[in-house]
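Colleague: One structure coming up, written as structure tokens, with questions to follow.
Throughout, read-outs are computed from the coordinates displayed, never taken from laboratory work. Keep in mind that this is a model prediction, so the values were computed, not measured. Note that each Cβ is placed from the backbone with ideal geometry, even for glycine, and that neighbours are counted across all protein chains shown.
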Amino acid sequence: MPDTPKFDKGALAWTLPWDDDWVTAVAVLGPTRRVAAGNNLGQVLVWDLPEKADAPAPAPVRRLDGHTNVISRLLATADGRWLISAGYDHTVRLWDMSASTKGTALVVPDANARAAAKKRGKPLPDAPVTVGLQQAERVLEGHKEWVQALSLTPDGKVLVSGDDAGRVIVWDVPSGKETRRWQVKGWVYALAVSPDARRLLISERFPLVYDPAKIIATKLWDATTGQVVRDLEDVFKKDYQSAAVFSLDGKLVAVGRGGEVNGPSGTIALLDAATGKKLHELKPGHEYGVTDLAFHPDGKHLASAGRDTVVRVWSAADGKLVKELGKARGGQFKDWIHAISFSADGRLLAAADMAGAVQVWNFPA
Amino acid sequence: MRPFCSPREHLSRRAFLKGTLIAAGGATVPNWGGLFHSSGVAAEAKKSGKRCLLLWMNGGASQIDTFDMKPGRATGGPFRPIASNVTGLQVCEYLPRMAKMADRLAVVRSMRTSEVDHPNGIYLMHTGQRPLVNVSHPELGAMVAKYVGNADSDLPNFVRMGPTGNGGAGFLGPQYQPFGLDREGRLPYFTGPYASPEAEQRRDDLLRFVEEGFAQEHKAEPFEAHRLAKEKAWRLLKAKSAFDVSKEWPKHKERYGDSEIGRGCFMARRLIEAGIPFVEVGQDNYDSHADNFVTHKANMNVLDPAWSSLLQDLHELGLLQDTLVVWMGEVGRTPGINNRAGRDHFVHGWTVVLSGGGVKGGVVYGSTDADGKDVKDDPVTEGDLFATIYTALGINPRAKHFVGSRPVWATPEGARPVRAILS
Amino acid sequence: MPRLRLVVALLAVPLVAAPLRADERPLRAVIDAEVRAAWEREKIPAPALADDATFLRRIFLDLVGTVPTHDEVKSFLADSDTGKRGKLIDKLLDDPRFALHQADVWDQVLFGRNPPGYDATSNRDGFKAWLAGKFAKNEPYDRWARALLLAEEDNSTLFYVQYRDQAEETAVAVGRIFLGTQLQCARCHDHPYEPWTQRDFYGMAAFFARLVVVEAALAAGKRRFLIGEKSSGEVLFTGSAKEQKPGRKGEPIRPKFLLGAAPEEPALPKDFKEPKPEANKAPKPAFSRKEKLADWVVAPENPYFTRAAANRLWAQFLGRGLVHPVDDLSDKHPPSLPKLFDTLTVELKAHKFDVKWFIRELVSSTTYQASASGPVKEALPYWFERARVRPLSAEELLAAVRAATGFDATGDKVGGDTVAYVLRYFGEPSDGRGDFQGNLGEHLFLNNSEQLRRMIVPRKGNLADTLVKSKDSPEERVDHLFLSVLSRPPRPQERKRFVAHLATPGGRPEALVEEAIWALLNAAEFRFNH
């Protein structure tokens, strides 16, 4: 288990521009200095980060082709070998990052910024980047709707995915085989699997606004039977929960409130994973809603991101705020940080910025 | 001699006689609008036999995410088009059942309207007119009630349910006011009696007795209008079971979908069947300034079965040929997707869908440019749309009314019906 | 030229109509003579005079906005004085309710049921109190009309608040209400029937272009509106609707009286800058256009003002305006009785806009007091050959229900929800033309409202209670019921029928009395003033 870095000294190390469309998902590939990000168009790019934090921002090295619609989630196995992606094209894809690329393509990750500069009469010199192309090792096709939720056990063996038809599928990663599936009432919004793959937290939605047919639910499930263990309605009332993650020891589960909420009500609850009892509510909440949660590999800290363009690091033991990264861009029309991911050593945090970039934050030891 | 004869709401003498006959008989026979009506009176009262059903997409549905898709464009969003049963007309993947009924639809893709916000837009798209400080225009429902409605029906001529327009009869007067059901289809206030049936019968008989005596000497029209309205209220209260669909609903729930719009569309079908000439059913949730796509997906999820079952049933009942079904909201939504994953209000090129009585099926009228940022061909204004709707219903779009001495026409100056989609 | 004709008519009246002067014959006699002459000409049989009971209810509703109580009806019917109608008129004109009721009437003229600027104009209690004060003092109409247009007195400001920052709409409203003109047609194109051009319209609008509504905060969450006026600011005229192009700036139009001169307006200093608005303070201009306009509107030479007033007051009591609709004094609508119209105009001016005097003359005429029965079907007969039939306003209806049921004797107050429902269901009973329409909502309320029922059922001191407890004969109790609710004794058949009803076997007396009162309250006879 890595040491806790100096969160208070955290600083933005690199901004990796990618402005074709919103960057919607991000994953740091375990112990490597490799980061993958996905966007609204279904593209995935991979960058290799320099060793030194003061080195210039790198260019992408790979492009992972195959998805045809929004990338909703990216996850990586702890060893950094496998990248797992989920998308609105109804598929989940497994990518072997140790495989070599086949063919190349030219990409311009900041094409829109360049077009804008040209429009202002200050064109930049052309700088296309050559990237290696890669296809998925496996395409998991059990879903018939947008796959919005994805969770992986720390050993990288069990993957759970959920879609907007309410279908939950448990996968055996090594074989790529479906081991169990069942149906929940609403659409699967957030999903977290416990490290032992026995528990699932699933939040559901059917996002009608006024219609009583809307569905809002958050429940703990037994992943081995597909039965509800505990309905958490008493904890979460009628609030949508948009992100969830278990702590590495499986004792805690963090759940973040999202969709678009009013003001700073995008709060995070830390629950006792065994009982579902709320231990802490992390405040201040993210303005307009939480988008993603990630436990730090030290097992003691939790990071959160939201529709306020801010990343926060919290102490899991007492629920206190440790560090805030980035600034709220504010106003009604703002961007989101869609997703966050820690490196295996806990020294880097990558954030998917809707404005068209991947932010990489560095925490000194 | 009178230099000018003012047009007047004529209360049918025959209708009033019917009221007094009932009074003399003592018992009220529910009169189910056009269905169970003696042909003579029906022919007099039902001017065109047409009906109109407005499916109101409250907040403004997104045209790009429904009937004017822009696949592969930056404005396209994550929904994918599917083929319909009309060559060349693609619709959103989340309207699979409507795709199979496209041959009954007239899709107008070139709405360019003049009010971009909700209150004014709701007024505009219910009246065809921009709001004026001192003129309260009648909503479509009131116009249909006046020109197509059966003045002699037991049931109201203008019924609405759920999130709909909030105006009403305007200067056409209280006779054409809507009868509003709530979201669950419950009846409005003051439709439940506090008196026992016997007590009601006694007091009603007493009132009829007083009215008969007074009427012998007092012939002024307002007296008659008052008595007629009372008789109509009594008949409505006797016939109000028409609004109770709880027995049939379980049988149809699966097909229409167990949602407000599903139940609303089923109720609308029943009311149209019962001879009510105008029913408006609202669906909420469209104002997706944030999270447009999940909201629209959920909306279409419940809309698609409701709308398609309604059209199917009306068709099978032989009513669709006389029933104009209008699908619209107060605005469209921007082609641009904002950074709350939302789409905002948009009036420079949006879509309205008509079907049934008076319009052709399987046609697309007008178009927007590649990104949907403006109308490319054949713009249609709110006035044009209302002129089209009125023409389809057999109502003169230039019908003249008065507010005091100020003349006001059914549609604004220059409005032209879209002949290309009229059958 | 319509304008010339108007002016000529005005000048000519004193000469040709000299015999009609009121100092020789009271105005009421002139009215009756002119109307009678029309009947003869049109071969219309003269109607009977309304009986005492009918007259009593009519005059109560018209002058004080409610129906007489049981005791008032009884004593008036028993009074054998041949001058009792005149005495009653005098009494009611001096009744404090007269002023309150006229304020209600004018409130609807000036605002209507749902005026623009709802948030600010829905509560008009202060404004109505101001108006009632004018009627209580019998302030001449031209004086209070001017005060209303100046909007400088406390509580006098709400009229303009409806049209905040809308000079054109203000001009339309002022023209329609005070001048009987329909200016709005000239807004988008030159008027088709009148000699007004678009420029004339914008010339009138220019008088209001500088008005500002200032919202002054008062304690306890109350608001007060002040009407101020800036020293600069113009209406812009962009040409006819057809010529308008997006982005084209309009031409500023100077104020000009309708078919009159332009007031001389001192030029502003070159370097003039409009002072910054101050909180809670209405700006005062160096030169007030509003004042010029107010003076012109009520000036004796104004060809429109007096005619509009005479016509409106006539219509209030006689039903149909001599020119109808009441606010469209155009050549398209010649008066039905032109000579009488001229006389009314001359006399109203000669009596210095003494509204009370004018109303007294109108309601003292036999024309006003004509019978309500007969074969004529129109609500507002063209030749006044039957009393007009008008629905009670929401205010009148509620007051009449209270009086009829003896509600106030219970010591209870009418609930806010009841008032709101009555306004909703009885507030606008007419179409755009002012024709009454029976409507469903009204009857559903009458049939099934517990709020209304609360006023009917026996409660200590009210009518039902009195009838239930009464030791009188059944016939006497039915008489009491009819006198209380319909302000008349029952006809013999009615008496018989109601006596039988009250004796329904097995019926609870409380329930039977409640049903009887309900039936009369629901009758057309109660719903209208006739």
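Colleague: Using the Cα centre as the reference, give the magnitude of the dipole from point charges on the C-beta atoms of region A:171-218 (Lys, Arg: +1; Asp, Glu: -1; all else neutral), rounded to the nearest 20 debye.
Modeller: Working: 8 positive and 5 negative charges, 18 e Å.
Charge dipole of region A:171-218: 80 debye, to the nearest 20.
Colleague: Angle, helix B:197-217 long axis vs. longest principal axis of chain B, Cα atoms, 0 to 90°, nearest 10?
Modeller: For B:197-217 against chain B, the angle is about 70 degrees.
Colleague: Give the order of B:E211, B:E224, C:E274 when sorted by the count of other beta carbons within 10 angstrom, beginning with the fewest.
Modeller: Ordered by Cβ neighbours within 10 Å, fewest first: C:E274, B:E224, B:E211.
Colleague: So for the protein assembly as shown, what percent of the C-alpha to C-alpha distances run longer than 46 Å?
Modeller: 51
Colleague: Over chain B, what is the relative contact order in whole percent, taking alpha-carbon pairs under 8 Å and six or more residues apart?
Modeller: Value for chain B: 28 percent.
Colleague: Kindly provide log₁₀ I(q)/I(0) values, in the same order as q = 0.17 Å⁻¹, from the Debye equation applied to equal alpha-carbon scatterers of region A:160-281.
Modeller: Ignoring solvent entirely, the Cα scatterers give -0.82.
Colleague: Report the net charge of residues surrounding C:N302, where surrounding means a beta-carbon distance below 10 angstrom and charges are Lys +1, Arg +1, Asp -1, Glu -1.
Modeller: -2
Colleague: Would you tell me the mean number of C-beta atoms belonging to other protein chains that fall within 10 Å of each C-beta in C:379-386, as a whole number? Don't jump to the answer; show the numbers that get you there.
Modeller: Numbers: counts 6, 3, 1, 3, 1, 0, 0, 3.
Neighbouring Cβ atoms belonging to other protein chains average 2 per residue here.
Colleague: Just checking the output field for A:205-217: average partner chain Cβ neighbours within 10 Å of each residue's Cβ?
Modeller: 6
Colleague: Computed on alpha carbon atoms, what radius of gyration and Dmax characterise region A:7-362, expressed in Å?
Modeller: My reading of the Cα-based Rg and Dmax gives 19.3, 63 Å.
Colleague: At q = 0.09, 0.10, 0.12 Å⁻¹, what is the base-10 log of I(q)/I(0) for region C:340-498 according to the Debye formula with one equal point scatterer per Cα and no solvent? Please give it to two decimals.
Modeller: -0.46, -0.56, -0.78
Colleague: Further question on the same structure: So, with +1 on the Cβ of K and R and -1 on the Cβ of D and E, and no other charges, what is the size of the charge dipole of chain C about its Cα centre, to the nearest 20 debye?
Modeller: So the magnitude is around 460 debye.
Colleague: What Kirkwood Rh does chain C have if only Cα atoms enter the pairwise 1/r average? Answer in Å. Before the final figure, lay out each step's value.
Modeller: On the way: mean 1/r = 0.0391 Å⁻¹.
Final number for the Kirkwood radius of chain C is 25.6 Å.
Colleague: Could you list C:V346, C:V419 in order of exposure, starting from the residue whose Cβ has the fewest other Cβ atoms within 10 Å?
Modeller: On the way: C:V346 20, C:V419 14.
Least crowded to most crowded, the residues run C:V419, C:V346.
Colleague: Excluding B:E211 itself, calculate the net charge of residues whose Cβ lies under 9 Å from the Cβ of B:E211, where each Lys or Arg counts +1 and each Asp or Glu counts -1.
Modeller: Details: positive: B:R208, B:R227, B:K230; negative: B:E212, C:E525.
Result for the neighbourhood of B:E211: +1.
Colleague: Computed over the Cα atoms, what is the radius of gyration of region C:58-200 divided by 2.2 N^0.38 Å, N being its residue count? Mind dumping the intermediate values first?
Modeller: Working: Rg = 19.5 Å, N = 143, 2.2 N^0.38 = 14.5 Å.
The reported ratio for this selection is 1.34.
Colleague: How far is the Cα center of region C:41-76 from the Cα center of region C:313-379, in Å?
Modeller: 18
Colleague: Say the dipole of the protein assembly as shown comes from +1 at the beta carbon of Lys and Arg and -1 at that of Asp and Glu; which of C:P381, A:L270, C:F127 then lies farthest toward its positive end?
Modeller: C:P381
Colleague: Under the definition of partner shielding as Cβ atoms of other protein chains within 10 Å of a residue Cβ, what is the mean value for peptide C:441-453?
Modeller: What the average comes to for C:441-453 is 6.
Colleague: So for chain B, taking the charge dipole from beta-carbon charges (+1 Lys/Arg, -1 Asp/Glu), which of B:G170, B:I395, B:P131 sits furthest toward the positive end?
Modeller: Result: B:I395.
Colleague: For region A:7-362, what relative contact order do you get, as a whole percent, if you take Cα pairs closer than 8 Å and at least 6 residues apart?
Modeller: Numbers: 1063 pairs, mean separation 54.2, N = 356.
Relative contact order, region A:7-362: 15 percent.
Colleague: Continuing with the same structure: Can you tell me the orientation of helix B:118-127 relative to chain B, as the angle in degrees between its alpha-carbon axis and the longest Cα principal axis, to the nearest 10?
Modeller: Orientation of helix B:118-127: about 60 degrees from the principal axis.
Colleague: Expressed as a whole number of Å, what is the distance separating the alpha-carbon centroids of region B:148-221 and region B:277-309?
Modeller: 31
Colleague: To continue, here is another question. Could you give the semi-axes, largest first, of the ellipsoid that matches region C:116-298, computed as the square roots of 5 times the alpha carbon gyration tensor eigenvalues and rounded to whole Å? All intermediate terms of the calculation are to be shown ahead of the outcome.
Modeller: Values: eigenvalues 155, 85, 54 Å².
They are 28, 21, 16 Å, listed from largest to smallest.
Colleague: In debye, nearest 20, what is the charge dipole magnitude of the protein assembly as shown about its Cα centre with +1 on Lys and Arg Cβ and -1 on Asp and Glu Cβ, if you could check? Numbers along the way, then the final one.
Modeller: On the way: 174 positive and 163 negative charges, 168 e Å.
It works out to roughly 800 debye.
Colleague: Cα atoms only: what Rg and Dmax, in Å, come out for region A:291-349?
Modeller: 11.8, 36
Colleague: Average projected area of the Cα convex hull of region A:148-232, in nm²?
Modeller: 5.3
Colleague: Using +1 at the C-beta of Lys and Arg and -1 at the C-beta of Asp and Glu, which of B:I261, B:M300, B:H289 has the Cα lying farthest in the positive direction of the dipole of region B:237-321?
Modeller: B:I261
Colleague: Relative contact order for chain C: what is it in percent, counting Cα pairs under 8 Å that are at least 6 residues apart?
Modeller: It rounds to 18 percent for chain C.
Colleague: Also, I was wondering about something else. Bins of 20 Å, beginning at zero and ending with the bin holding the largest distance: percent of Cα pairs per bin for chain B, please.
Modeller: 26, 54, 18, 2
Colleague: Taking the beta-carbon count within 10 Å as an exposure proxy, list B:V326, A:V228, A:V173 from fewest neighbours to most.
Modeller: Lowest to highest Cβ neighbour count: A:V228, A:V173, B:V326.
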